[in-house]
1. Within region 272-298, how many residues are under 15 Å from Arg87 (Cβ atoms) and in a loop (DSSP other than H, G, I, E, B)?
2. Of the residues Gly157, Gly172, Gly181, Gly162, which is surrounded by 14 or more Cβ atoms within 10 Å (Cβ to Cβ), within 16 Å of Phe135 (Cα to Cα), of a type in the set (Gly, Ala, Ser) and modelled with pLDDT of 95 or more?
3. Exactly one of (1) more than 19 Å from Asp113 (Cβ to Cβ); (2) touching a residue at least 12 places away in the same chain (Cβ under 8 Å); (3) among the basic types (Lys, Arg) is unmet by Arg267. Its number?
4. Output the residue which, of all residues in region 49-64 that are among the aliphatic types (A, V, I, L, M) and under 20 Å from Met299 (Cα atoms), is nearest to the chain's Cα centre (by Cα).
5. Would you be able to say whether some residue in region 107-126 is closer than 22 Å to Gly302 by Cβ and at pLDDT 95 or above?
6. Given the condition modelled with pLDDT of 95 or more, buried (at least 21 other Cβ atoms within 10 Å of the Cβ) and outside any loop (DSSP other than H, G, I, E, B), answer yes or no: does some residue in region 247-262 qualify?
7. Can we say Tyr115 is in contact with a Leu (Cβ under 8 Å, 6 or more places away or on another chain) and open to solvent by 20 Å² or more (accessible area, probe 1.4 Å)?
8. Considering only region 112-160, how many residues are out of contact with any Gly (no Cβ under 8 Å at 6 or more places or on another chain) and assigned to a helix (DSSP H, G or I)?
Amino acid sequence: MRILLHRADGATEPWIKDFGKYLPDAEVVVWRAGTTPPPCDYAVVWSPPEGMLADLGGVKATFLTGAGVDGLLRFGDKLPRHVPVIRLEDAGMAIQMAEYVTHAVLRYYRRFDEYEAQARAGQWLPLPQHNKEDFSIGLLGMGALGGRVLEALAPFGFPLRGWSRSAREVAGVQCFHGADGLDTFLRGTRVLVCLLPLTADTNNIIDRSNMAKLPQGAYLVNVARGAHVAEPDLLTLIKSGHIAAATLDVFRNEPLPSQHPFWQEPRISITPHISAMTLRRESVQQIAEKILKIEAGEMVDGIVDRIRGY
């Protein structure tokens, strides 16, 4: 068995070592531009270069080493359609996402962002506490990651809301779905958390129109994809005070350019796409288990629906 591996960061040796542990009979071939790899049975990639697409046509399946799928589906019809694309399911990312979002929510609820600004200015000024009953948390996207985030937030007693493409029922969560439910969801959400997959339907979903439906002084936390947010609209609404603050881990252009106006806006907190980092060993173990199931003729979970985009 051969596995074709591509890592944009070039750090392939640790992945090869872990595949040797979980699939000792497999040969791992590192894809390199300008070379023709030998025939391979599977491919393991994240956001491969376009030049790799021709080498994906002969594999049984292509595995993604992350939660999102847009890094591969961006190629559209150039991507071999007969080869299933399989995404990771959690692999240690859900707990990281829950930690990140919980920290952001509590930071705004306890007004630590404002206390940090006061401390830098040498001010000692206790602020009134937010009313928890009015501090509703709304998740755009209620998949595996969203579910784990909701579980983490539940013990704090915030009103929890969730929006998804199709109807869902989650205990303790007020659920909305579809275009008809989006307006109502937004109008009752104080902290908007984006965990959506990036598709044609969700691109720019957090624009001026939708952010304006949030209550005055709402907050935004985006841990999904930068293209979900209309960046100029966010800046406008933050400067007007309608959006009190935002925590952003993802951006349209990464790394975020040094001249980007987000850097100069103190009410925007920026992190470098670290909300849920791929855990290599857990990822390799999951991929290896799925490969063994495919080899045994069994069905596997996580196959991407290319029409839906996730």
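1. The total comes to 3.
2. Numbers: Gly157 fails: surrounded by 14 or more Cβ atoms within 10 Å (Cβ to Cβ); Gly172 fails: surrounded by 14 or more Cβ atoms within 10 Å (Cβ to Cβ); Gly181 fails: within 16 Å of Phe135 (Cα to Cα).
Within the list Gly157, Gly172, Gly181, Gly162, the selection yields Gly162.
3. (1)
4. The residue in question is Leu64.
5. No, every residue in region 107-126 fails to be closer than 22 Å to Gly302 by Cβ and at pLDDT 95 or above.
6. Checked region 247-262: at least one residue is modelled with pLDDT of 95 or more, buried (at least 21 other Cβ atoms within 10 Å of the Cβ) and outside any loop (DSSP other than H, G, I, E, B).
7. Spelling it out, Tyr115 is indeed in contact with a Leu (Cβ under 8 Å, 6 or more places away or on another chain) and open to solvent by 20 Å² or more (accessible area, probe 1.4 Å).
8. Final tally of qualifying residues: 21.
The values are calculated or read from the model by the stated rules, or taken from the named source; none is laboratory data. Note that the coordinates shown come from a computational prediction; the quantities given were computed from them, not determined experimentally. With ideal geometry, Cβ positions are generated from the backbone for all residues, glycine too; neighbour counts draw on all protein chains shown. Accessible surface areas use protein heavy atoms only, side chains included; no ligands, DNA or RNA. Shrake-Rupley method; radii C 1.70, N 1.55, O 1.52, S 1.80 Å.
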